[in-house]
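Structure, as structure tokens:
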Amino acid sequence: MSGAEASGNVHWTAWAVFASFFALVTVLGFVAARWKKADLDHLHEWGLGGRRFGTVITWFLLGGDLYTAYTVIAVPALVYAVGAYGFFAMPYTIVAFPIFFALMPRLWNVCHRHHYITIADFAEGRYGGRWLALAVALTGVLATMPYIALQLVGMQVVFQAMGFGSMAQGTEIALIAAFVVLALYTYTSGLRAPALIAFVKDAMIYIFVIAAVVIIPMRLGGYGAVFAAAKQAFAEKGGATGILLQPAQAMAFASLALGSAMALMLYPHASTGVLAADSPKTIRRNAMLLPAYSVMLGLIALMGYMAIAAHVQAKGTAIVPALVLQSFPEWFAGFCFAAIALGALVPAAIMSIGA
């Protein structure tokens with residue numbers, strides 16, 4: 001089934017499964033207001049969960065925060081288009097966590113001692129400049145806006161894959177409805193909502209990815225056939241593509257990974273997740289445990305090569321949804337689409353809180 005065909009008719013079975021999981025997380029989002037119950041009129045309770053999240057909750061929260069719909073949609077699409085260069089996200093996330101381990105516990109200590117809620121608060125308290133704090137806050141918000149837009153794109157391609165693109169303004173209506181629900185439970189429950197939903201989201205993403213990296217290559221003749229097909233396709237395309245980096249790409253690849261790693265924890269949503277932890281020890285433990293998500297990220301990126309081998313006709317960000325529809329029964333495709341959508345909703349909620 002091509003991407004065009006996938007969006008030509010509504011896939012009602014996929015939609016029913018998707019809607020069921022969306023209803024589940026909506027209920028969880030509102031129930032979260034009663035989880036670790038506290039007075040949510042206090043900003044540190046609403047925005048940081050009272051700084052009471054332990055190792056497990058923080059792991060799911062930061063995993064749901066840093067590994068988003070962008071991870072599942074855009075990374076394989078980049079690998080599909082250019083090959084090895086799209087794997088920059090793997091070293092980037094691996095390099096980020098030693099930086100995380102070294103710096104973020106100290107930031108938590110200072111913010112906890114002085115009751116700072118955001119990095120802008122820290123900047124004002126540490127350097128005594130309101131204009132600097134304003135610049136930090138505005139920079140964080142401006143940097144977050146495109147990130148939220150990526151989550152919208154992730155949900156949009158999922159709705160299109162389920163056939164909503166064939167309905168008049170169907171995709172737009174579905175997006176608006178999803179984000180109205182997101183806004184309501186985020187306003188009601190604060191950071192507790194994405195923290196609770198992240199448990200469901202991460203479990204679903206893991207099931208989706210494991211099924212994809214086992215079942216899809218089996219249907220395509222194994223990983224040898226997948227890599228051979230990708231190598232041939234890039235050879236025909238020419239230019240700066242291939243399953244291996246070209247020598248001229250090495251410095252750009254390395255600098256992109258390093259720069260991204262150094263910036264990651266400065267995003268408002270990342271710092272919000274960190275400052276919600278209950279202790280520096282929790283942060284250090286997560287710096288050691290979160291690289292497990294980087295393994296999953298590498299597997300997700302391989303879906304770009306699988307799409308080439310499967311001769312998926314879709315382009316750009318529609319690659320993964322088209323591959324899912326082509327490779328799995330419709331009910332499981334609905335499950336995968338729900339996982340991708342939750343991969344957008346959880347970080348979008350945290351980003352909104354951080355902003």
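The values are calculated or read from the model by the stated rules, or taken from the named source; none is laboratory data. Since the model is a prediction, treat every value here as computed from it, not as a measurement. FYI the Cβ positions are ideal-geometry reconstructions off the backbone, even for glycines, and counts take in every protein chain you see. To get the accessible areas, we keep the full protein, side chains included, count just its heavy atoms, and leave off ligands, DNA and RNA. Shrake-Rupley method; radii C 1.70, N 1.55, O 1.52, S 1.80 Å.
Listed values, structure above:
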{"item": "Distant-in-sequence amide H partners of Gly83 (H built 1.01 Å from N, under 5 Å)", "result": "Gly242"}
{"item": "Whole-number accessible area per residue in Å² for the stretch 32-173, which is evaluated in the context of all protein chains at 1.4 Å", "result": "46"}
{"item": "Nearby lysines by direct alpha-carbon distance to Lys36 (threshold 21 angstrom, same-chain neighbours under 8 apart not counted)", "result": "Lys201, Lys281"}
{"item": "Burial order of peptide ranges 243-256, 321-334 (average beta-carbon count within 10 Å, highest first)", "result": "321-334, 243-256"}
{"item": "Which labelled figure in [x] 142, 42, 33; [y] 55, 53, 44; [z] 58, 48, 33 is Cα extents along the principal axes in Å, once derived from the coordinates", "result": "[z]"}
{"item": "Highest average packing first - 262-272, 21-31, Cβ atoms within 10 Å", "result": "262-272, 21-31"}
{"item": "Using alpha-carbon coordinates, inclination of helix 250-264 to the longest axis of the chain, degrees", "result": "40"}
{"item": "C-alpha long axis of helix 69-82 to longest principal axis of the chain, angle in °", "result": "40"}
{"item": "Of all accessible heavy-atom area on the chain, the percent that carbon and sulfur account for (1.4 Å)", "result": "69"}
{"item": "Percentage relative contact order, the chain, counting C-alpha pairs under 8 Å, at least six apart", "result": "45"}
{"item": "Size of charge dipole - the chain - debye, nearest 20, with Cβ of Lys, Arg +1 and Asp, Glu -1, no other charges", "result": "780"}
{"item": "Computed over the stretch 240-304, Cα set: Rg, Dmax in Å", "result": "15.6, 46"}
{"item": "Reachable lysines from Lys237, criterion Cα separation under 28 angstrom, eight or more residues apart if same chain", "result": "Lys315"}
{"item": "FRET efficiency, Arg130 to Asn109 (Cβ-Cβ, R0 25 Å, nearest 0.05)", "result": "0.60"}
{"item": "Accessible surface of Glu124 - all protein chains present, 1.4 Å probe, nearest 10 Å²", "result": "70"}
{"item": "Val56 accessible area, 1.4 Å probe, all protein chains in place, Å² to nearest 10", "result": "90"}
{"item": "Rounded tilt (10° steps) of 130-161 against the dominant C-alpha axis of the chain", "result": "30"}
{"item": "222 nm mean residue ellipticity, helices alone, for the chain (DSSP H n ≥ 4; -39,500 (n - 2.57); rounded to 500)", "result": "-25000 deg cm²/dmol"}
{"item": "Solvent-accessible ranking of Leu289, Leu142, largest area first, probe 1.4 Å", "result": "Leu142, Leu289"}
{"item": "Neighbour net charge for Pro347 - beta-carbon separation under 15 angstrom, K R +1, D E -1", "result": "-1"}
{"item": "Cβ-derived FRET efficiency at R0 41 Å, Met145 paired with Ala235, nearest 0.05", "result": "0.60"}
